[in-house]
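Engineer: I'd like to ask some things about the structure below.
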Amino acid sequence: MCCESKRRFLLLYATQKGQAKAIAEEIWQQAGAHGLEADIHCISEMDKYNLETEKDPVVIVISTTGTGEPPDTARKFVKKIQDKTLPPDHFAHLQYGLLGLGDSEYMFFCNGGRTVDRRLQELGAQHFYDTGLADDCVGLELVVDPWIDGLWLALKEALQFQKEKEGMNNAVNAVSSSLSTAPHAVHELKLSSEVQNLKLEDEGARRSDTLSQKLDDINLVAPARDTEPSLVHSVPPVSQSALNIPALPPEYIEVEFQDTQGENLHLSSLISEGRTFEVPVTKAVQLTREDAVKTALLLELDIADTAFEYQPGDAFCVICPNNVSEVEKLLHILGLSEKGDDIVCVKVKQGTKKKGAVRPQHIPERSTLKFILTWCLEIRAIPKKAFLRALVECTSDAGEKRRLQELCSRQGASDYTHFIRDSNVCLLDLLHAFPSCKPSLSLLIEHLPKLQARSYSVSSSNLYQPGRLCFVFNVVEFPAGPSRPVSRKGVCTGWLAELVAPLLHPSKNSQGTKGESSSTEKISIFPRPNNAFHLPADPSVPFIMVGPGTGIAPFIGFLQHRQKLREQHTDWEFGETWLFFGCRHQDRDYLFKQLQCFLKNGTLTHLKVCFSRDSSTAEVAPPKYVQDVLRLCAKEVARVLLKDGGYFYICGDKKHMADDVSDAVVDILSMEMEADKLEAMKILAMLREAKRYLQDVWS
């Protein structure tokens, strides 16, 4: 009925980097067209909603962070619902639908959403709609888009059911009948990420030729033949389709330039994680040879005059800026090169249609333009479809406008995946490819996410090196390609490498030795403790470490700590220690050859190394990868884990190493226990549950 008020539902989101919030806002924007009104809140704003008394359907969008944990914004909520004193019918009145976001590159896929979903079920809440689990590894939209499409009918049925229930208070039997026959969970959407993954792999195989275009001219974005799609060019059927494009996100930010120039805020104002520490870089060492495939650096920080504390195995975060030249280029494209040092006032636009609009927390109310673009916005972020939709309105060329519409449309989903998402295209790449697109500063503030601090594993022990913190990293390289006109280094690793260049390559007039200097270069850091990835509390317990490449970093801290404990407590019993390390070439990227010292003094009991790219003249080829060496030590590995109650640590690349190591451990357990693979997998799961099989991995 046209005069009937819109029906309400509660919409909650829990986000770490903005993905869940953006999807929740998309749901909020679409709701009106379906005659519904979303009451949207961050799940942390528990003073603005009350699930204990909520009568309307609830929609939850929640991401996963760290090693399968709920995002920081959901921690209080999760702690509240995990109260063991709550009765099993605590949420019996509640109808909800949940969309979980995760990345199958990591072990505990969508565990943030699964944790909340499972607990709500335990407390009596009922699904009115199937849970969706979206995989960022293959593209969130593969699950998100159909999940949102099916949401509206499910919501209307749930609301109708609620209305009928409210009107039948005088007929208990009728209410019971309605409860048993009400259409509850929706329409067999088949939102399995595994199925979507298979579909994507199949499509990817068919398009492999397109994706491997030769880079004869890295500045040429369009392909040579019109039969091949590219970032700027489409082919049938997309080019001839009527398009379903997202609704235009409402503008909600207003910026005002002041002619005066001013000072910038302190970097500590950029984070909400707690206290930050500005510390000097006292040492830098290149661990790899110049001809190595990757450049690995070790940096030492002086934390002696701070309250910064850590344990071996912990991580910490570095607050880093965007690349200076990229910021300058963006200022030039925006036509603001002369205003970089001008003060910008950022506020919510009056009369905006965006519900609950607020200035993003990571954007200062008053700062210079350069500060915002350098320290606040992730200008390298892969543009979301909502951003592309907004950029359409800033584009004057009809052909470019159409292509941007295609890339954000349902029909252009595959093109978006291949030419933007998988190609790691950023805003600068888009503005290069679509030169008639001239976005405003306010649009960038609305759509670019917060520039995240980068996390690194500690590679030292405060017991071994008091007042010092070391970490190791590869300088990340992004080569030029059809959609990226220039090569780039990682935002943080590239900045750090440039920052410490004087330490790595001191001038002839410099005092001191290579790698050390009185340099006053400082970086801002804050702790990110690891709840589990620590040495066993009992020093007599044996443990195995697997860390190829820079994955060895935390284990250097482990061994340094163990060495000092052995020196200080000669009467203690210490368990055996195993280290499995691998790299490409023994003479180019064997990062810590001083491992032999740990071996000689007894801190390290067994050291197993392998080199994947070195040739061998031996009759039996040596193992190339750490998982191969593990299999050669099967009996010892099984003994440590099964008989001696030992620990197993893995650090390094998830996709190309950690999964293979897990497979090797399953094979070892199966063989040594003379059990089938399923039984071995159960044992490994038990080790994980007992926090004796621990991972610190990245994709």
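Engineer: Just to confirm the filter: which GluC sites (Glu not before Pro) across the stretch 1-93 are DSSP coil and have at most 13 other Cβ within 10 angstrom of their Cβ?
Structural biologist: Numbers: sites: Glu4, Glu25, Glu26, Glu37, Glu45, Glu52, Glu54; in loops: Glu4, Glu45, Glu52, Glu54.
Passing sites in the stretch 1-93 are Glu4, Glu45, Glu52.
Engineer: Something else: Arrange the residues Glu567, Glu573 by how much accessible surface each exposes, largest first, with a 1.4 angstrom probe.
Structural biologist: Working: Glu567 100, Glu573 135 Å².
Per-residue accessible area, sorted high to low, gives Glu573, Glu567.
Engineer: Treating cross-link reach as a plain straight distance, find the lysines whose alpha-carbon is under 17 Å from the alpha-carbon of Lys283, omitting any fewer than eight places away in the same chain.
Structural biologist: Lys514, Lys522
Engineer: Would you please put 412-423, 91-102 in order of how densely packed they are, using the mean number of other Cβ atoms within 10 angstrom per residue and starting with the highest? If you can, show how the numbers build up before the last one.
Structural biologist: Working: 412-423: 20.5, 91-102: 23.1.
Put in order of decreasing packing, that is 91-102, 412-423.
Engineer: Then there's this: State whether the stretch 7-163 is rounded, prolate or oblate according to the following rule on the C-alpha gyration tensor (a ≥ b ≥ c being the square roots of its eigenvalues): a/c under 1.5 gives rounded; otherwise a/b larger than b/c gives prolate, and the remaining case gives oblate.
Structural biologist: Here the stretch 7-163 falls in the oblate category.
Engineer: Continuing with this model, one more query. Beyond a 31 Å Cα-Cα separation, which of these cross-linked pairs lie in this structure: Lys76/Lys654; Lys600/Lys624; Lys80/Lys349? Kindly include the intermediate steps, with their values, before the conclusion.
Structural biologist: Working: Lys76/Lys654 29 Å; Lys600/Lys624 25 Å; Lys80/Lys349 36 Å.
Where the Cα-Cα span goes over 31 Å, the pairs concerned are Lys80/Lys349.
Engineer: Can you give the accessible area per residue of the stretch 253-447, in Å², using a 1.4 Å probe? All intermediate terms of the calculation are to be shown ahead of the outcome.
Structural biologist: Numbers: 8360 Å² over 195 residues.
I get 43 Å² per residue for this part.
Engineer: I'd like the distance between the alpha-carbon centres of the stretch 473-500 and the stretch 350-374, rounded to an integer number of Å.
Structural biologist: Result: 28 Å between the Cα centres.
Engineer: Per residue, how much accessible surface does the stretch 606-694 expose to a 1.4 Å probe? Answer in Å², no decimals. Provide the component values of the computation, followed by the final result.
Structural biologist: Numbers: 4930 Å² over 89 residues.
Per-residue value: 55 Å².
Engineer: Averaging over every viewing direction, what projected area does the convex hull of the Cα atoms of the stretch 253-447 cover, in nm²?
Structural biologist: Details: hull surface 63.0 nm².
Taking a quarter of the hull surface, the average projection is 15.7 nm².
Engineer: When a/c reaches 1.5 or more, the comparison of a/b and b/c decides; with that in mind, is the stretch 543-697 rounded, prolate or oblate per its Cα gyration tensor? Provide the component values of the computation, followed by the final result.
Structural biologist: Working: a/c = 1.67, a/b = 1.06, b/c = 1.57.
The shape class here is oblate.
Engineer: Counting other Cβ atoms within 10 Å of each Cβ, which trypsin sites (Lys or Arg not before Pro) in the stretch 5-51 have at most 13 and sit in a DSSP loop? It would help to have the intermediate numbers written out before the result.
Structural biologist: Values: sites: Lys6, Arg7, Arg8, Lys17, Lys21, Lys48; in loops: Lys6, Lys17, Lys48.
Answer in residue order: Lys6, Lys48.
Engineer: Leaving out ligands, DNA and RNA but keeping every protein chain, what accessible area does Met681 have, in Å² rounded to the nearest 10, with a 1.4 Å probe?
Structural biologist: 100 Å²
Engineer: Taking just the C-alpha trace of the chain, give me its Rg and Dmax in Å.
Structural biologist: Final numbers for Rg and Dmax: 27.6, 93 Å.
Engineer: Tell me the carbon and sulfur percent of the accessible area for the chain, rounded to whole percent, probe radius 1.4 Å.
Structural biologist: On the way: 16490 of 33400 Å².
On the chain, the fraction of accessible area on carbon and sulfur atoms equals 49 percent.
Engineer: At a probe radius of 1.4 Å, what is the per-residue accessible area of Glu679, in Å² to the nearest 10?
Structural biologist: Rounded to the nearest 10, that gives 80 Å².
Engineer: For Ile523, what residues show an amide H to amide H distance below 5 Å, using hydrogens built from the backbone and excluding near sequence neighbours?
Structural biologist: Here the answer is Val279, Val281, since their amide H atoms fall under 5 Å of that of Ile523.
Engineer: Which whole-Hz couplings ³J(HN,Hα) result when phi for each residue of the stretch 593-600 is put into the Karplus expression 6.51 cos²θ - 1.76 cosθ + 1.60, θ = phi - 60°, listed in order with x for Gly and Pro?
Structural biologist: My calculation for the stretch 593-600 gives 5, 6, 4, 4, 5, 5, 5, 5 Hz in order.
Engineer: Looking at the square roots a ≥ b ≥ c of the eigenvalues of the Cα gyration tensor of the stretch 358-474, which shape do they give, rounded for a/c under 1.5, prolate if a/b is larger than b/c, or oblate?
Structural biologist: Working: a/c = 3.26, a/b = 1.87, b/c = 1.74.
Cα axes put the stretch 358-474 in the prolate bin.
The values are calculated or read from the model by the stated rules, or taken from the named source; none is laboratory data. Predicted model, so just to flag it, every value in this text is computed and none were measured. Positions of Cβ are backbone-derived with ideal geometry, glycine not excepted, and every protein chain shown enters the neighbour counts. Remember, those area values only see protein heavy atoms, side chains included, never the ligands or the DNA or RNA. Shrake-Rupley method; radii C 1.70, N 1.55, O 1.52, S 1.80 Å.
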